[in-house]
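Computed from the coordinates by the stated procedures, all read-outs in this text should not be read as laboratory data. Remember, it's a predicted structure, so these values are computed and weren't measured experimentally. All Cβ positions, even for glycine, are placed from backbone atoms using ideal geometry, and neighbour counts span all protein chains on display.
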C-alpha cells in the first residue's frame, strides 16, 4: 500500500466547482483507502495498492464524468511530498510567497529560459516540480510558463502540511 496525495488542477476557480465531500466520495468509489481532503483547492490524501499511472487514470476519468471537463491530476507519494518540501530552494523566504508547481513529467532543462513574463520572480527546477518565489505575490505575477507545462501550484505552507498528512496515513 502506498500513501498518495492527488493534486487537482484548476478546481474551485473560474466556475469549476468541486465540493471536497464529492472528491472524497469519488476516492471511496474508486476503492482508495483512508481518503481525506485538505482545503478546497483540490488536495486528496489516500492509500492505494495501485501504481501512480493507474491512480491518475482512474481519478481523471472519474472527475471528467463528475464535472464534465478534464481535470489534470498530479500524484505524489508521501516521501515525494516530503522531498519537495525539504528541497525548497527558497526556504528562507515567506512560504506563502513560494510555490511548488507540480508537473506530471520532469521539467525540460531549458524550462526557465523559455518562461515569459518574469519580473521579480525567482525560479528553480525540481525533480517534477518548478519552485517559484513570488516576492509581489502570486496574484500580481504575469509569469507565463512554457505551453507544455501542465501543472498545478501549491504554496509551500500547503506542501508542508500535505507532506505531514500523507505521512500520517502511511
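Data table
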read-out: Contour minus Cα-Cα distance for residue 19 and residue 116 (0.36 nm per residue); value: 31.6 nm
read-out: C-alpha long axis of helix 156-168 to longest principal axis of the chain, angle in °; value: 30
read-out: Gain upon complete extension [residue 40, residue 65; 0.36 nm per residue less C-alpha separation]; value: 7.0 nm
read-out: Relative contact order [Cα under 8 Å, 6+ residues apart], the stretch 2-78, whole percent; value: 43
read-out: The stretch 80-144: relative contact order as a whole-number percent, Cα under 8 Å and 6+ apart; value: 38
read-out: Separation between Cα centres of the stretch 105-123 and the stretch 67-82, rounded to whole Å; value: 21
read-out: Distance (nanometres) between label positions extended 7 Å along Cα→Cβ at residue 33 and residue 91; value: 3.2
read-out: Folded to 0 to 90 degrees: helix 20-29 orientation relative to the chain principal axis, Cα; value: 50
read-out: Distance in nm between pseudo-label sites at residue 1 and residue 50 (7 Å out along the Cβ direction from Cα); value: 1.7
read-out: Mean projected area (nm²) of the alpha-carbon convex hull when the chain is viewed from all directions; value: 9.3
read-out: Taking N as its residue count, the alpha carbon Rg of the stretch 2-78 over 2.2 N^0.38 Å; value: 0.97
read-out: Projected-area average for the stretch 80-168 over all orientations - Cα convex hull basis, square nanometres; value: 5.4
read-out: For the chain, calculated [θ]222 nm from helices alone, where every DSSP H run of n ≥ 4 adds -39500 (n - 2.57); value: -9000 deg cm²/dmol
read-out: Segment residue 125-residue 105, length gained on full extension (0.36 nm per residue, minus Cα span); value: 6.0 nm
read-out: Degrees between helix 52-67 axis and first principal axis of the chain (Cα, 0 to 90, nearest 10); value: 80
